Amino acid sequence: MSNLFYQGRGRKPVLDQARGVYMWDTDGKRYLDGSSGAMVCNIGHSNPSVLAAMQRQMEKSTFGYRLHFETEASEALAGRVAGLMPPHLTRVFFVSGGSEAVESGMKMARQYALATGQGSRWKVISRQPSYHGCTLGALAVTGYASLSDPFAPMMRPMPKVPAPRAYLDGLDPEDEATGLHYADMLEAQIRAEGPETVLAFLLEPVGGASTGALVPPAGYMRRIREICDQYGVLLIMDEVMTGAGRTGRFLGCEHWDTRPDIVVMSKGLGAGYMPLGAMIADERLVEPVLDAGGFAHGFTYAGNPLACAAGLAVVEEIEAQGLCANAAEMGEKLIARLHGLMQKYEIIGDVRGKGLLTAFEFMSDRNSKAPLPREIGAYQRFVDIAYERGLIVYSRRTHDGYSGDHILVCPPLIVTEAHLDEIIDGLDRSLEQFTQEIAPVLKA
Ligand code: PMP
């Protein structure tokens, strides 16, 4: 028996080594990391430049508490990150993960409101479904009932508006009217809550684990910004999964030229080399908070030099290797090839994504958009079949009364066409096995 426990009793193979897009267990079995861990390892595993930068930093210092020392690594990374943001987002606050980044963004917004005489604003509107983290604050804005319900009495419930899942509602995602239809729901919610109580709107520009690479319909991103401006509501962009090049631009929201007030990032910034995240804010928000006595928030490990040195080397690799452009190019090819699988397998009801944040969704009937029967546990079964074949893909249970099972295919941004061939071949064989397995259940 192991002393470790994560979600259940199941045990996984033991990881031995990882290089580029491949990983090996201690039995020597090779896996293609088709989900970059949990959309983390954007530049692939064991990148020599990052390892060398970490080694250099380790020989100097591994920790300096941020209230005792500035460090060259954190200063340099802050400058580099700010340089990659829209021009008004100049102020960077480091953390060690996505939930911490989301908490920091919400608390920054609240302290700005307090510092500027808007203390009545505290509600953070988010979307249903969505995922913003597992700490109680981030969970309160997460639209994912099975994760949040058990803790409901311990949290302050926050308002949710529907995520713009045009494909399920039978609306044309290319039609601006579709985007306005969903954005109107945000405006209605702000009005129903009382605009003077609403602090911020929080969203993932391209949906992640909860919606499976949901791309916003035309007009949506522009209109939500207008609505936020109209009601004095801050726009917080959760780029934890989409940031650091995943969607083919450094930030996901760049695809729509959206101007967030606060951006939160994590996964691809540390890229699996070190736990790292960042909250980047408009200086118009930060200055009043500093004038009012400072930002009352922070985590012990935040901004440590080793994580920042790793993050700096990761960002340099993204730029040096042109990984945003590669993600855009390979993403288009991957989506086209997933469409090919959709033609072959009836049970794939939708294919979507941006850059290398891509997904397909299982449906038992494409017309009615009915999900596969829940008892199949398709999300887990399909992931297990692919894993057996040495292909790692990602899924979460998303039934929750909102949709069915989707599978995220999100390889590291360094993938080549040869890797895509391997991914598609692995998916094809896994789909063949899966459709055979579930045929009796579907017929019944
Ligand atoms: N926001 C988004 C969009 C995420 O995808 C995640 C993680 N899946 C988080 C926040 C939380 O990040 P972490 O697990 O690092 O706390």
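The values are calculated or read from the model by the stated rules, or taken from the named source; none is laboratory data. Remember, predicted model here, so these are calculated numbers, not experimental data. Reconstructed Cβ throughout: ideal geometry from the backbone, glycine too, with neighbour counts over all protein chains shown.
Filtered by the rule that a residue be within 16 Å of the ligand (Cβ to nearest atom) and surrounded by fewer than 24 Cβ atoms within 10 Å (Cβ to Cβ), region 256-296 gives 258, 274, 275.
Among residues that are within 20 Å of residue 353 (Cα to Cα), surrounded by fewer than 16 Cβ atoms within 10 Å (Cβ to Cβ) and free of Cβ contacts under 8 Å to residues at least 24 places away in the same chain, residue 169 is included.
Being outside any helix (DSSP H, G or I) and within 16 Å of the ligand (Cβ to nearest atom) is the requirement here; does residue 248 meet it? Criteria not met by residue 248. Among the residues of region 190-229 satisfying the criterion of being out of contact with any strand residue (DSSP E or B) (no Cβ under 9 Å at 6 or more places or on another chain) and of a type in the set (Lys, Arg), which is surrounded by the fewest Cβ atoms within 10 Å (Cβ to Cβ)? Among them, the one singled out is 191. Against the test of being within 20 Å of residue 230 (Cα to Cα), free of Cβ contacts under 8 Å to residues at least 60 places away in the same chain and out of contact with any Asp or Glu (no Cβ under 7 Å at 6 or more places or on another chain), the options 124, 161 yield a single qualifying residue, 161. Among residues of region 257-278 that are on the phi > 0 side of the Ramachandran plot, those with a beta-carbon under 6 Å from a residue that is more than 11 Å from the ligand (Cβ to nearest atom) and assigned to a loop (DSSP other than H, G, I, E, B) at least six positions away or on a different chain give the pairs 271/41; 271/42; 271/43; 272/41. In region 334-349, the count of residues that are away from the ligand (no atom under 16 Å from the Cβ) and assigned to a strand (DSSP E or B) is one or more.
The residues of region 17-70 that are closer than 30 Å to residue 395 by Cβ, crowded, with 18+ Cβ neighbours inside 10 Å and of a type in the set (A, V, I, L, M, F, W, C), listed by number, are 21, 23, 32, 39, 40, 41, 43, 50. All conditions but one from (1) assigned by TED's automatic domain parsing to the domain that holds residue 307; (2) touching a residue at least 40 places away in the same chain (Cβ under 8 Å) apply to residue 23; the one that does not is (1).
When each of 378, 307 is tested for being hydrophobic (A, V, I, L, M, F, W, C), touching a Phe, Trp or Tyr at 6+ places or on another chain (Cβ under 7 Å) and crowded, with 24+ Cβ neighbours inside 10 Å, the lone residue that passes is 378. Here residue 375 clears all of (1) of a type outside the set (Val, Ile, Thr); (2) in contact (Cβ under 8 Å) with a residue 24 or more places away in the chain; (3) in a loop (DSSP other than H, G, I, E, B) except the condition numbered (3).
Out of all the residues in region 406-416, is one or more part of a helix (DSSP H, G or I) and over 16 Å from residue 351 (Cβ atoms)? No: zero hits. Within region 132-152, the only residue that satisfies the criterion of being of a type in the set (Ser, Thr, Tyr), closer than 26 Å to residue 184 by Cα and at pLDDT 95 or above is 142.
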